[in-house]
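The values are calculated or read from the model by the stated rules, or taken from the named source; none is laboratory data. Because the structure is predicted, anything quoted here is derived from the model rather than measured. Because the Cβ atoms are built from the backbone with ideal geometry, glycine has one as well, and the counts that use them run over all protein chains shown. Quick note on the areas: whole protein, heavy atoms, side chains included, nothing else; ligands and nucleic acids left out. Shrake-Rupley method; radii C 1.70, N 1.55, O 1.52, S 1.80 Å.
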Amino acid sequence: MTQKEKYNKEIIVKRIKKLAKELKRRPIKRDSGTLYQLTRRYFGTWNNAMKEAGFKVKEPQTIRLPQELDSDFSYFIGLLITDGHLVFNRKTSDYKVAIYTSYNEEKQLIYKLVKKIFDYKPHIYGRMSGFNKKTNYEIYINSKKFVERLYKKFALPTGAKSNIVRVPNIFLNTNKENIFNFIRGVIDGDGSISKRNLVRINSGSRKFLLDLKNL
């Protein structure tokens, strides 16, 4: 029996409702990769399938991309490089810019920063992790245009990047305030300050650390 013969819109809607009942909430894309692929095939988008199943969905947002660097955008890039992740998957039409934190205060700070810079209300997903069952938050933006901009203008790699990331060349030719705020974002992401006020930055990329030292 082929995939097309096995499924139809009615069956998919029933599966969505069944999953919602098991989860005791509205399903999200990551809850079932198979279901996500089926909704895209038969409904065009995940949101269309959710509407068909009787759930309310948020309308897609339009992100405002800054044309020039400023202190806030520079800080965001520093934080993204160290505590963030880019997803660019044409096959699944999955385009995402995400930053992670385990601290509620940082979650709120990042949310407000994204809203201020991009006029966009980011999505927040929390899940329990670690032995202490601490909530790890993912603050993310779904935007193909934004991912492409970060990849092309800032040369930020998609997928696993910890061992290959570099300081974007744009920070070699900008003002001191932008450089300062970029490094501030890097420290907040992968840095620490000792009792002796010694600042340490950790990275799996030696070239990134050398770039920072030169900067």
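Details
The rows are residues; the columns are (1) more than 21 Å from LEU156 (Cβ to Cβ); (2) open to solvent by 40 Å² or more (accessible area, probe 1.4 Å).
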{"position": "LYS56", "(1), (2)": "yes, yes"}
{"position": "GLU68", "(1), (2)": "no, yes"}
{"position": "SER71", "(1), (2)": "no, no"}
{"position": "TYR75", "(1), (2)": "no, no"}
{"position": "HIS85", "(1), (2)": "no, yes"}
{"position": "ARG90", "(1), (2)": "no, yes"}
{"position": "VAL97", "(1), (2)": "no, no"}
{"position": "TYR103", "(1), (2)": "yes, yes"}
{"position": "VAL114", "(1), (2)": "no, no"}
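- Among (1) part of a helix (DSSP H, G or I); (2) in contact with a strand residue (DSSP E or B) (Cβ under 8 Å, 6 or more places away or on another chain); (3) open to solvent by 70 Å² or more (accessible area, probe 1.4 Å) - the single one PHE146 does not satisfy: (3)
- Some residue of segment 117-127 being in contact with a helix residue (DSSP H, G or I) (Cβ under 7 Å, 6 or more places away or on another chain), without any contact (Cβ under 8 Å) to a residue 40 or more places away in the chain, open to solvent by less than 30 Å² (accessible area, probe 1.4 Å) and closer than 19 Å to LEU86 by Cβ: yes
- Residues in segment 11-42 that are without any contact (Cβ under 8 Å) to a residue 40 or more places away in the chain, open to solvent by less than 30 Å² (accessible area, probe 1.4 Å) and of a type in the set (Val, Ile, Thr): ILE12, ILE16, THR39.
- Any chance SER102 is at positive phi and either in contact (Cβ under 8 Å) with a residue 60 or more places away in the chain or in contact with a Lys or Arg (Cβ under 8 Å, 6 or more places away or on another chain) (or both): no
- Highlighted here are the strands (runs of 3 or more DSSP E) found entirely within segment 61-131 that include at least 3 residues which are modelled with pLDDT of 90 or more: 84-89, 94-101.
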